[in-house]
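S.K.: Here's a structure for you.
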Amino acid sequence: MGDQDCLDQIAWHYLDAQRTSQGPFPLSYLQELGKASYFNDDTLFWREGQGEWRKLAALPQLAEALKPATAPTKPAQKSAARVVAAATATATAGPSDPLAGFLSEIKSLEEDLDVPESPPDDEKRFIDDDGTAYEWSPEQRKFVPGDGDDENNTAAAAAAAAVAAAAALQATYTDADMVYDPDQEKIPAFEIRPEKGEAEGSDLEEEEQIENEEEKAAEAGDVEEGNAVATEKSSGKRTARDAALEAAKERAKKAKAHRESQQGWFDLKKNTSVYVTGLPGDVTVAEIAETFTKCGIIKEDPETRLPRIKIYKDNATGMLKGDALVTYLKEPSVDLAINLLDKAPFRYGLKPMTVSIAKFEQKGDKYVEKATAAQKRKKKKALEAQEKRALGWKGFDDVVKSTDVTVVLKGMFIPEELEGSPTSKDDLEADVLSEANKAGKVEKIRIFSKNPEGIVTVRYKKKEEADACVVMMHGRWFGSRQIQAGKYDGVTNFNVKVPVAETEEEQLARLEAFGAEIEG
C-alpha cells in the first residue's frame, strides 16, 4: 500500500488562524483547501496516534499532498500579451470608435478564458419566455433564432398560444372593469343558529309577524293570500324550532357521555402529584416536605402558602393511615421522586415506602364541573408567583432561606392583653426590637395578635444573627412568662382567625373604656 493510500485513510485535525482545532477531515477535503493556499508551513496538524501537534513543514508527505495549485507560465505570458494587444487595439481605434475598442478588449478577455467552443449537446437548443426558439451557431459562436426540431416547434407554438390567450384576455377588460364599485359587491348573509332560549324568542317574534301580516291581508281584502303567507311562515317556524330541538338534544347527549366518561379513575393531562405509602404513624407535613423537596419544588396553596401535602387519616379513628399525596410544581419532579425515593425507607430502620404517580377518582355521585375562567386565571397567577419565587435569581447570588433567618418567639403575650389596650401591640413591638437588635440588625418584626401561644417572629438578614437571637432569647422571662425561641420551620401558619362573638353592649363598653383611657 502506497503512502498516498495511507494518507487517504487518516483523519486530520488542524489549527486555524484563531488557534481553534478544526476536524477531523479526510485528505480530499484538506487538498481542496490546499489548492486555495489556505495552509502554510507553520500550520499545525494532528492525527490519531501522533503525540503532539506538528507543523506542516515537519510532515513531508502531507505537505506534498497539500501543495497549492500553481499557474503555468505560458498561459500567463499569453494572457499578458493579449491584454497588451487589447490595449493597443483600443488605442488604435481612437476616441472616434470607442465601441470597436471595447469589443476588441472583450474578445481578448474571452480568448484568455478557457471557454468551451460550444455548449453541451442537450443545451444547444432552448425556448425563451416569449416562445422564441434559439439554436447554437458554431460559426457565430452564439445562440441565434431558428426553427428548431419538431419538439421545439411544438413547445414554441404552445408558448406562443399561451401568450396570445393572455393578451386576448387582458384586452377584454376595460378601465371601468378595473375600478372597484362597492354596490356590485355581494356579501353572503351569515345566519346564526339560535340557542334554545333564543329560538323560543324568535318563535314569538315570528308568530307576531304572522299575525300582523294576516291583519294587513284582511284589511286589504286579500284574506286568502294572507292565509297562504301565514301557512308558509308557520311551516318555516316549525322547521327552525325542530332544528333547535335537535341541536339541544345532541348537546345534552354529548354532555351525558362526558359525565359518564369521568366516572371512576382517570388520568390528568399534566400530573405533578405522587402517591406515597409506608409512612410512619407519627409523620408530619414538615417531615414529608423535607424529604420530598430533594426531588423538586413542592407546590404551595395559593391562600395559605403551605405546601400541597395531604396526609390521609382514618375517618373512623382519626389515626394516620400511612399514606399521603405530594404535589410538585413541575412535572419532571414526579419521575425524579419515583426513581430516588421509591423502595427507600422514610426513616432509618422502617420498612420501605412506595412512591408512584397519583391517580384520581371522582368523589360522590355528582360530576363536578371544571373551574371557571376567572378561577383558572387566579390559579395560574398564583403558580407563576410561586415559580418566580422558587426558581428566580432575584438579582442576588447570596439569597438566604427564610427558615435560616427567621426566629419564632413563643409566650410573648396573651391575646386578651393586646385586645384590652390599643397601644399594647406597639409597645410590645418596641420592646422586642430593642432586645433583638442586640443580636444583629432586625429587618422585620411580626406579631400574631390572635395566636393563643403569643407568637412573635423576628427576621434578620444573616443566619448568624438569627442563631445568636435564639441563644439570647430562649429561656428568658418576659412579663412573668418564659420565652421559647427557635427557628421557623417554613410550614407552620401562625395566623389564627377567631370569630368575633362580641355583643353590641360589650362593644359599646369597650369603646367607652378606650375613650376614657385616652382622655385620662
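S.K.: Regarding the range 11-27, can at least one residue be identified that is touching a residue at least 40 places away in the same chain (Cβ under 8 Å) and either open to solvent by less than 60 Å² (accessible area, probe 1.4 Å) or out of contact with any helix residue (DSSP H, G or I) (no Cβ under 9 Å at 6 or more places or on another chain) (or both)?
M.R.: As a first pass, look at the range 11-27 and keep what is touching a residue at least 40 places away in the same chain (Cβ under 8 Å): 12.
In the following step, the residues that additionally are either open to solvent by less than 60 Å² (accessible area, probe 1.4 Å) or out of contact with any helix residue (DSSP H, G or I) (no Cβ under 9 Å at 6 or more places or on another chain) (or both) were identified as 12.
Looking for residues that are touching a residue at least 40 places away in the same chain (Cβ under 8 Å) and either open to solvent by less than 60 Å² (accessible area, probe 1.4 Å) or out of contact with any helix residue (DSSP H, G or I) (no Cβ under 9 Å at 6 or more places or on another chain) (or both), one finds at least one in the range 11-27, hence yes.
S.K.: Could you tell me which residue of the range 399-413 is most open to solvent (accessible area, probe 1.4 Å), considering only residues that are under 15 Å from D467 (Cβ atoms) and in a loop (DSSP other than H, G, I, E, B)? Give the derivation first.
M.R.: As a first pass, look at the range 399-413 and keep what is under 15 Å from D467 (Cβ atoms): 400-409.
Within this subset, residues satisfying the condition of being in a loop (DSSP other than H, G, I, E, B) are 400-401.
Numbers: V400: 66, K401: 142 Å².
Here the residue is K401.
S.K.: Right, something else. Does G454 count as surrounded by 15 or more Cβ atoms within 10 Å (Cβ to Cβ) and either at positive phi or hydroxyl-bearing (S, T, Y) (or both)? Before you say what the answer is, go through the steps one by one.
M.R.: On the way: surrounded by 15 or more Cβ atoms within 10 Å (Cβ to Cβ): yes; either at positive phi or hydroxyl-bearing (S, T, Y) (or both): yes.
Against the criterion (surrounded by 15 or more Cβ atoms within 10 Å (Cβ to Cβ) and either at positive phi or hydroxyl-bearing (S, T, Y) (or both)), G454 qualifies.
S.K.: Just to be sure I understand, how many residues within the range 120-133 are open to solvent by less than 50 Å² (accessible area, probe 1.4 Å) and modelled with pLDDT under 80? Steps first, answer last, please.
M.R.: Initial filter on the range 120-133 (open to solvent by less than 50 Å² (accessible area, probe 1.4 Å)): 131-133.
In the following step, the residues that additionally are modelled with pLDDT under 80 were identified as 131.
Residues in the range 120-133 being open to solvent by less than 50 Å² (accessible area, probe 1.4 Å) and modelled with pLDDT under 80: 1 in total.
S.K.: For the subset of the range 293-334 comprising residues that are open to solvent by 30 Å² or more (accessible area, probe 1.4 Å) and hydroxyl-bearing (S, T, Y), which member is nearest to F346 (Cα to Cα)?
M.R.: Among residues in the range 293-334 that are open to solvent by 30 Å² or more (accessible area, probe 1.4 Å) and hydroxyl-bearing (S, T, Y), the one nearest to F346 (Cα to Cα) is T293.
S.K.: Just for the range 355-398: of the residues that are among the β-branched types (V, I, T) and modelled with pLDDT of 65 or more, which one is least open to solvent (accessible area, probe 1.4 Å)? Working first, answer last.
M.R.: First, the residues of the range 355-398 that are among the β-branched types (V, I, T): 355, 357, 368, 372.
Next, only the ones that are modelled with pLDDT of 65 or more stay: 355, 357, 372.
Numbers: V355: 5, I357: 90, T372: 76 Å².
Here the residue is V355.
S.K.: Then there's this: Could you check the range 257-292 and list, in sequence order, the residues that are open to solvent by 80 Å² or more (accessible area, probe 1.4 Å), at pLDDT below 75 and part of a helix (DSSP H, G or I)?
M.R.: Listed by number, the residues that qualify are R259, E260.
S.K.: Is it the case that some residue within the range 506-519 is in contact with a strand residue (DSSP E or B) (Cβ under 9 Å, 6 or more places away or on another chain), of a type outside the set (A, V, I, L, M, F, W, C) and either open to solvent by less than 70 Å² (accessible area, probe 1.4 Å) or on the phi > 0 side of the Ramachandran plot (or both)?
M.R.: Of the range 506-519, the ones in contact with a strand residue (DSSP E or B) (Cβ under 9 Å, 6 or more places away or on another chain) are none.
Within the range 506-519 (the criterion being in contact with a strand residue (DSSP E or B) (Cβ under 9 Å, 6 or more places away or on another chain), of a type outside the set (A, V, I, L, M, F, W, C) and either open to solvent by less than 70 Å² (accessible area, probe 1.4 Å) or on the phi > 0 side of the Ramachandran plot (or both)), the answer is no, since none of the residues qualifies.
S.K.: Considering only residues of the range 54-90 that are open to solvent by 90 Å² or more (accessible area, probe 1.4 Å) and at pLDDT 85 or above, which is nearest to Q31 (Cα to Cα)?
M.R.: Step by step, filter the range 54-90, then rank; the result is E64.
S.K.: Filter the range 462-490 down to residues that are touching a helix residue (DSSP H, G or I) at 6+ places or on another chain (Cβ under 7 Å), in a loop (DSSP other than H, G, I, E, B) and among the small types (G, A, S), then give me how many there are.
M.R.: Number satisfying all stated conditions: 1.
S.K.: Residue check, E416 against (1) under 43 Å from the mean Cα position of the chain (by Cα); (2) open to solvent by 20 Å² or more (accessible area, probe 1.4 Å), all met but one. Which one?
M.R.: Result: E416 fails condition (1) only.
S.K.: Does the range 419-439 hold any residues that are of a type in the set (A, V, I, L, M, F, W, C) and either assigned to a loop (DSSP other than H, G, I, E, B) or surrounded by fewer than 17 Cβ atoms within 10 Å (Cβ to Cβ) (or both), and which are they?
M.R.: A430, L433, A439
S.K.: Criterion first (at pLDDT below 85, basic (K, R) and open to solvent by 50 Å² or more (accessible area, probe 1.4 Å)) does R347 satisfy it?
M.R.: Working: at pLDDT below 85: no; basic (K, R): yes; open to solvent by 50 Å² or more (accessible area, probe 1.4 Å): yes.
No.
S.K.: So the check is Cβ under 8 Å with 6+ separation or different chains; which pairs have a first residue in the range 342-360 that's in a loop (DSSP other than H, G, I, E, B) and a second one that's aromatic (F, W, Y) and open to solvent by less than 70 Å² (accessible area, probe 1.4 Å)?
M.R.: That search, which allows pairs on different chains as well, returns M353/F346; K359/F266.
S.K.: Scan the range 440-461 for residues that are in a loop (DSSP other than H, G, I, E, B) and either farther than 21 Å from R481 by Cα or in contact (Cβ under 8 Å) with a residue 40 or more places away in the chain (or both) and report the count.
M.R.: In the first step, residues of the range 440-461 are kept if they are in a loop (DSSP other than H, G, I, E, B); the result is 440-441, 448-455, 461.
Filter once more, so that each one left must be either farther than 21 Å from R481 by Cα or in contact (Cβ under 8 Å) with a residue 40 or more places away in the chain (or both): 440-441, 448, 450-455, 461.
Counting residues in the range 440-461 that are in a loop (DSSP other than H, G, I, E, B) and either farther than 21 Å from R481 by Cα or in contact (Cβ under 8 Å) with a residue 40 or more places away in the chain (or both) gives 10.
S.K.: Among the residues of the range 33-51, write down those that are among the acidic types (D, E) and either touching a Pro at 6+ places or on another chain (Cβ under 8 Å) or within 15 Å of A11 (Cα to Cα) (or both).
M.R.: Scanning the range 33-51 gives a single hit, E48.
S.K.: Got at least one residue in the range 464-476 being modelled with pLDDT under 85 and either surrounded by fewer than 12 Cβ atoms within 10 Å (Cβ to Cβ) or on the phi > 0 side of the Ramachandran plot (or both)? Step through it out loud before you land on a result.
M.R.: Residues of the range 464-476 modelled with pLDDT under 85: none.
The answer is no; no qualifying residue exists.
The values are calculated or read from the model by the stated rules, or taken from the named source; none is laboratory data. Please read these numbers as outputs of a predicted model, since none were measured by experiment. Cβ atoms come from the backbone with ideal geometry, glycine included; neighbour counts cover every protein chain shown. What goes into the accessible areas is simple: the full protein's heavy atoms, side chains included, and nothing from ligands, DNA or RNA. Shrake-Rupley method; radii C 1.70, N 1.55, O 1.52, S 1.80 Å.
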